[in-house]
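Down below is the structure, laid out as structure tokens.
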Amino acid sequence: MYERLYTAALDLFTEQGYEETSIEDITERADVARGTFFNYFEKKEEVIAAWGSRRRDTLRAELGAIAGGGTDVLSALENCMRTLAKINKAEWRTTQVMLAAWVRCGHPIFEEPYATPLFAEIVSAGKEAGDVGEHVDPVLVGNMLRDVYLGTLYRFVGRGRQPTALASELVTTLRLVMNGVLVKKLP
């Protein structure tokens, strides 16, 4: 039942917009009684949190065990950025709608930033391997890289750009940031 409601909600948000979709629309599409929605979601906004959670799970699953996986820090971070771009590209229209709803509902301010710990984990592994300067705080770098990712994604969504160059822009910006973090400077 949860899956039917979730899928109906995402389909409707993508088709007609988050704001324009009511709980009644969702339950009608899922072919369940209105009250059933509240057995799984306290409010419509929780579908956004569920969408974000699934994206985190997808990212982790696609990256596998990146920290300590024998990959240098820059390659691991580039892989992460490319994977994020791939996830967004695969569901671009849904990403556009859900990202806008996520921002309007205040999620970036109140949610724990899921990408920060992931990036910080990679940077920490790089620091342990001697690739990242001793003076570098992995969490601060994780926050910067999360901001790079979200800022780039916001620009693509906000300007209606197709995600064809998203991975390239993310990797290029990542390299600019990492040049101040790595022990050896990039060429």
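The values are calculated or read from the model by the stated rules, or taken from the named source; none is laboratory data. Since the model is a prediction, treat every value here as computed from it, not as a measurement. Heads up, the Cβs are rebuilt from the backbone with ideal geometry, glycines too, and the neighbour counts pull from every protein chain shown. The accessibility values were calculated without ligands, DNA or RNA, using every heavy atom of the protein model including side chains. Shrake-Rupley method; radii C 1.70, N 1.55, O 1.52, S 1.80 Å.
Taking the Cα centre of the chain as origin and charging only Cβ (+1 Lys, Arg; -1 Asp, Glu), how large is the dipole, in debye to the nearest 20?
About 600 debye.
Heavy atoms only, probe 1.4 Å: what % of the accessible area of the chain goes to carbon and sulfur, would you let me know?
Looking at the chain in its full context, I get 52 percent from C and S.
Out of 122, 109, 48, any idea which swings most in a Gaussian network model of the chain, alpha carbons joined below 10 Å?
109
Tell me the net charge near residue 58. Cut-off is 11 Å between Cβ atoms, residue 58 excluded, with +1 for each Lys or Arg and -1 for each Asp or Glu.
+2
Below 9 angstrom from the Cβ of residue 12, what's the summed charge of the other residues (Lys, Arg +1; Asp, Glu -1)?
-3
Considering only 120, 179, 140, whose Cα is most displaced toward the positive end of the charge dipole of region 115-187, charges sitting on Cβ of Lys, Arg (+1) and Asp, Glu (-1)?
Towards the positive end, the residue furthest out is 179.
How much net charge surrounds residue 156 when only other residues with a Cβ under 14 Å from its Cβ are counted (Lys, Arg +1; Asp, Glu -1)?
+4
Of the peptides 128-139, 91-102, how do they stack up when ordered by the mean number of other Cβ atoms within 10 Å, highest first?
On the way: 128-139: 14.1, 91-102: 18.5.
Descending mean neighbour count gives 91-102, 128-139.
Under the 0.36 nm per residue contour assumption, what length would be gained going from the current alpha-carbon distance of residue 54 and residue 114 to full extension?
20.5 nm
With unit charges on the beta carbon (Lys/Arg positive, Asp/Glu negative), name the residue among 74, 97, 38 whose Cα is farthest towards the positive pole of the charge dipole of region 1-121.
The Cα lying farthest towards the positive end belongs to 74.
Give me the angle, in degrees from 0 to 90, between the Cα long axis of helix 138-158 and the longest principal axis of the Cα atoms of the chain, rounded to the nearest 10.
50 degrees
Between residue 128 and residue 33, what length comes free when the chain is fully extended (0.36 nm per residue of separation minus the Cα-Cα distance, one decimal in nm)?
Taking residue 128 through residue 33 to full extension adds about 28.8 nm, to one decimal.
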